[in-house]
Amino acid sequence: MKHLVIFFSFFILTLEASSQSFYKFRRGRDVIASAGTGTTSYFGDLNDEGDFFDPKPNFNIGLQYFFTTRIAARAELLWFQLEGDDSESSEGGKVRRNLSFISNNFELNVVGIIQAFPNGTRYYQRPTFNVYGFAGIGLLYFNPQAELNGNKYALQPIQTEGVSYSRTTIVIPYGIGIKYKINPFFNIVLEGGFRQTFTDYIDDVSDKYVDNSSFSDPIHAQLADRRPEIGLSVKEAGSKRGNPENNDNYFIYNFKLEFFLPNNLLSSGSIKSKRNKKIMKRRKRRR
């Protein structure tokens, strides 16, 4: 949390310093479309401490708008997968717990972006290389599932820990990226971003076991405590199942292609031109 506070403090200070150039920025192709793919690593109860790279796929699309030569905002939609499996752990206690999950997730976020080096007054006058930082807010939808006898079951409706949690949560995305100008219209981008979430149930594991006999469906009972599958007895109600002190988080590594949209599509020049035409038509009608 300390690192998050430092990052946002630096972000705000840079934003204030850069805002002085707002009225000097000339409009053109100021809207950028992006698309990319990469990997996503999960941090939670079903991975070992120190495991920082457990790649699962992600895909993303976004729109970015420059307010000044250094400041932009971006809206982005991502699909990504997260997965954890106790059987792959190096810790004996987790192996005996024998839980697993896989989740297909969607994230919609809006972030502010600050570049290290300013663009020129025209979009094609930007530096060949640039570094940027970003921070913002997003909404995550997640749906942990587990496989049993060849079938996949959604775990949230089962309430494996007796908790009815939401499959949506707020996330705080922040990170850094580097971009390379390959021609006047395109950039290639490498970006890494951490997601701070406000839930401990992305993996359906957080706190304690419930009484296994309380499940009316035997499949639900088996999914809540999978120790019997490896020859162990079920855990007593109240036994530790996860660590509720830390929320689940994830990190996204992305490779993207950015394209500066023509100014007759979504840029401010097009919007202003259309608005001026409407005003002129109204004036002619009045005459």
Once each part is reduced to its C-alpha centroid, what is the distance from the range 185-260 to the range 61-92 in angstrom?
17 Å
Protein chains only, probe 1.4 Å: how do SER216, SER206 rank by accessible area, largest first?
SER216, SER206
Accessible-area value, LEU257, 1.4 Å probe, nucleic acids and ligands omitted, Å²:
80 Å²
Using a probe of 1.4 angstrom, how much of the accessible area of the range 28-80 is carbon and sulfur, in percent?
70 percent
Taking the Cα centre of the range 34-75 as origin, sum charge times position over the Cβ atoms of Lys and Arg (+1) and Asp and Glu (-1), and report the length of that vector in debye to the nearest 20.
540 debye
Could you check the spin-label model distance between SER87 and ILE176? Points 7 Å from the Cα along Cα→Cβ, value in nm.
3.9 nm
Count the net charge of all other residues whose Cβ sits under 14 Å from the Cβ of THR169, scoring Lys and Arg as +1 and Asp and Glu as -1.
-3
Placing +1 on each Lys and Arg Cβ and -1 on each Asp and Glu Cβ in the range 173-266, then taking the dipole about the Cα centre, the residue among GLY242, SER214, PRO262 whose Cα reaches farthest towards the positive end is PRO262
Length gain on complete extension for the stretch ILE219 to ASN246, per 0.36 nm per residue less the alpha carbon to alpha carbon distance?
6.9 nm
Send over a whole-number figure in Å² for the accessible area per residue of the range 152-219, probe 1.4 Å.
45 Å²
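Please give the contour-minus-distance gain from ASN264 to GLN196: 0.36 nm per residue of separation, less the Cα-Cα distance, rounded to one decimal in nm.
That pair, ASN264 and GLN196, stretches by 20.7 nm at full extension.
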According to the square roots a ≥ b ≥ c of the eigenvalues of the Cα gyration tensor, what is the shape class of the range 118-217, taking rounded for a/c under 1.5, prolate for a/b larger than b/c otherwise, and oblate for the remainder?
prolate
Taking r as the C-beta separation of ILE188 and ILE230 and R0 as 51 Å, the FRET efficiency to the nearest 0.05 is 0.65
Explain nothing, just compute: Karplus ³J(HN,Hα) = 6.51 cos²θ - 1.76 cosθ + 1.60, θ = phi - 60°, for every residue of the range 70-77 in order, whole Hz, x for Gly and Pro.
10, 10, 9, 10, 9, 10, 9, 10
Estimated FRET transfer efficiency when R0 is 22 angstrom, pair LEU139-SER164 (beta carbons, to 0.05)
0.70
Kindly report, to the nearest 10 Å², the accessible surface of VAL171 as traced by a 1.4 Å probe over protein heavy atoms only.
0 Å²
Under a point spin-label approximation (7 Å from Cα along Cα-to-Cβ), what is the ASN104-VAL131 distance to one decimal in nm?
3.9 nm
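The values are calculated or read from the model by the stated rules, or taken from the named source; none is laboratory data. The shown structure was predicted, so the numbers you read here are calculated from the model rather than taken from an experiment. Cβ: placed from backbone, ideal geometry, glycine included. Neighbour counts: every protein chain shown. What goes into the accessible areas is simple: the full protein's heavy atoms, side chains included, and nothing from ligands, DNA or RNA. Shrake-Rupley method; radii C 1.70, N 1.55, O 1.52, S 1.80 Å.
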